[in-house]
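S.K.: After the structure tokens below, expect a handful of questions from me.
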Amino acid sequence: MLRPLLPSFLSVVALTPVIVQPTDVLTATVTPLAPRQGDTLQVSIQSSAETPPQVRFGPRTIPVFAIGAGQYRALIPTTPVLKPGGYLLTVQGATQARRIPIEVARRSFPVQRIWLPPGKSDLGTDFEFDRVDAFKALITPELFWTGPLRRPAPGRISTGYGVRRYYNGVFAEDYFHRGLDYADATGTPVRAPAAGRIALVGYEQQGFEVHGNTIGIDHGQGIASILIHLNRINVREGQFVQAGDVIGTVGNTGASTGPHLHWGFYVLGESVDPTPWLQRGLN
Ligand SMILES: [Zn+2]
């Protein structure tokens, strides 16, 4: 007996799968909304896709880190030498993208005029610059800190972040003060501004002619502190520290003209202004 054609045909129709586009959730928020040169942009992303989103800032690919189920974060440094103006932030998910225009505002920084005597020799060794560069290039997947940063020394800020310079009357296009200087007496305790792993210890007598006695703390995920011109160093490479731990003392080592602590705060190898991080921190 032949089976009727019609029911067979219908069953085929009924089995044809309906193709549904996966509607993954992708949201991205950026703070601060109106950044100025030196600010760090924090991009918070929610994505239901299985693959992590990709973030670009202008032409630059920015590392993205998972911070919870379906939650991601990317931090984007800006500096005084980043051209002010419009940049496109792109968050690319599995099936969709978010395009967020970001306007980086010009910020006016104080200017110093430095007069160098002719024939002044250049300080600094390849050894110290190679070690410092390698430290700043670290992007460790783990995150070692949360919350606001704490100031590493008690003194007043003698030179702020981003100060520009003229040398012998010529504007130094690439120079800006990559950190905060705290005026404190030699021997004043220096504290870790946030938790992390000691990833760099350098001594003046080993060749750290410019930085002097130096501690580099890897806070994780491309965030780092460098503390230089120290007198004493109380830590060793590989050691983990907590925020507020005394790691050394203020000094006048390296290219320094008086006792002070220089603290540089770096995101993806670029010096950002730590001041907003002292107030709002990372959560
Ligand atoms: Zn300094």
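The values are calculated or read from the model by the stated rules, or taken from the named source; none is laboratory data. Keep in mind that what you see is a predicted model, and the values were worked out from it rather than measured. Reconstructed Cβ throughout: ideal geometry from the backbone, glycine too, with neighbour counts over all protein chains shown.
S.K.: Taking the stretch 252-261 as the region of interest, how many residues are surrounded by 18 or more Cβ atoms within 10 Å (Cβ to Cβ) and either among the β-branched types (Val, Ile, Thr) or more than 18 Å from Gly207 (Cβ to Cβ) (or both)?
M.R.: 4
S.K.: Right, another one. Kindly indicate whether any position in the stretch 222-229 is in the same structural domain as Trp145 (by TED's automatic domain parsing), more than 16 Å from the ligand (Cβ to nearest atom), in a loop (DSSP other than H, G, I, E, B) and surrounded by fewer than 18 Cβ atoms within 10 Å (Cβ to Cβ).
M.R.: No: the stretch 222-229 contains no residue that is in the same structural domain as Trp145 (by TED's automatic domain parsing), more than 16 Å from the ligand (Cβ to nearest atom), in a loop (DSSP other than H, G, I, E, B) and surrounded by fewer than 18 Cβ atoms within 10 Å (Cβ to Cβ).
S.K.: Taking Ala194 and the conditions (1) among the aliphatic types (A, V, I, L, M); (2) under 30 Å from Asp122 (Cβ atoms); (3) without any contact (Cβ under 8 Å) to a residue 60 or more places away in the chain, which numbered condition does it fall short on, given that it satisfies the others?
M.R.: Failed condition: (2).
S.K.: Let me ask another. Identify the single condition in (1) more than 24 Å from Phe109 (Cβ to Cβ); (2) assigned to a strand (DSSP E or B) that Gly264 does not satisfy, given that it satisfies every other one.
M.R.: (1) is the only condition that Gly264 fails.
S.K.: Taking Gly281 as the residue in question, decide whether it is modelled with pLDDT under 95 and either more than 21 Å from the chain's Cα centre (by Cα) or not aliphatic (A, V, I, L, M) (or both).
M.R.: For Gly281, the condition - modelled with pLDDT under 95 and either more than 21 Å from the chain's Cα centre (by Cα) or not aliphatic (A, V, I, L, M) (or both) - is met.
S.K.: Pick out the one residue from Glu142, Glu209 that is over 30 Å from Asn283 (Cβ atoms), among the charged types (D, E, K, R) and touching a residue at least 40 places away in the same chain (Cβ under 8 Å).
M.R.: Glu209
S.K.: Could you figure out which of (1) surrounded by 15 or more Cβ atoms within 10 Å (Cβ to Cβ); (2) in contact (Cβ under 8 Å) with a residue 60 or more places away in the chain; (3) of a type in the set (Val, Ile, Thr) isn't true of Thr90?
M.R.: Answer for Thr90: the failing condition is (2).
S.K.: For the stretch 220-251, name all the residues that are among the polar types (S, T, N, Q) and closer than 18 Å to Val201 by Cβ.
M.R.: Residues satisfying the conditions are Ser225, Asn231, Asn234, Gln239, Gln242, Thr249.
S.K.: With respect to His219, determine if the residue is in the same structural domain as Gly160 (by TED's automatic domain parsing) and either of a type in the set (Lys, Arg) or in contact with a His (Cβ under 7 Å, 6 or more places away or on another chain) (or both).
M.R.: For His219, the condition - in the same structural domain as Gly160 (by TED's automatic domain parsing) and either of a type in the set (Lys, Arg) or in contact with a His (Cβ under 7 Å, 6 or more places away or on another chain) (or both) - is not met.
S.K.: Go through the stretch 77-186 and tell me which strands (runs of 3 or more DSSP E), entirely inside it, have 3 or more residues that are more than 16 Å from the ligand (Cβ to nearest atom).
M.R.: Working: elements: 85-92, 97-104, 111-114, 156-159, 164-167, 180-183.
By residue number, 85-92, 97-104.
S.K.: Taking the condition within 16 Å of the ligand (Cβ to nearest atom) and at pLDDT below 95, does Thr253 pass?
M.R.: no
S.K.: Only residues that are over 23 Å from the mean Cα position of the chain (by Cα), part of a loop (DSSP other than H, G, I, E, B) and more than 16 Å from the ligand (Cβ to nearest atom): list them for the stretch 187-215, please.
M.R.: Within the stretch 187-215, Gly187, Tyr203, Gly207 qualify.
S.K.: Can you tell me which residue in the stretch 234-278 is farthest from Ile139 (Cα to Cα), limited to those that are among the charged types (D, E, K, R) and either outside the structural domain of His177 (by TED's automatic domain parsing) or over 15 Å from the mean Cα position of the chain (by Cα) (or both)?
M.R.: Going through the stretch 234-278, the residues among the charged types (D, E, K, R) turn out to be 236-237, 245, 270, 273.
Subset that is either outside the structural domain of His177 (by TED's automatic domain parsing) or over 15 Å from the mean Cα position of the chain (by Cα) (or both): 236-237, 245.
Working: Arg236: 20, Glu237: 16, Asp245: 23 Å.
Taking the candidates together, the pick is Asp245.
S.K.: So, in the stretch 230-251, how many residues would count as being of a type in the set (Gly, Ala, Ser) and either outside any loop (DSSP other than H, G, I, E, B) or at negative phi (or both)? Let's see the steps before the verdict.
M.R.: At the first step, the residues of the stretch 230-251 found to be of a type in the set (Gly, Ala, Ser) are 238, 243-244, 248, 251.
Adding the requirement that they be either outside any loop (DSSP other than H, G, I, E, B) or at negative phi (or both) leaves 243, 248, 251.
So the answer is 3.
S.K.: Still on this structure, I have one more. Over 23 Å from Pro259 (Cα atoms), crowded, with 19+ Cβ neighbours inside 10 Å and not assigned by TED's automatic domain parsing to the domain that holds Arg36: which single residue out of Phe135, Phe127, Phe176, Phe171 fits that description?
M.R.: Working: Phe127 fails: crowded, with 19+ Cβ neighbours inside 10 Å; Phe176 fails: over 23 Å from Pro259 (Cα atoms); Phe171 fails: crowded, with 19+ Cβ neighbours inside 10 Å.
The conditions single out Phe135.
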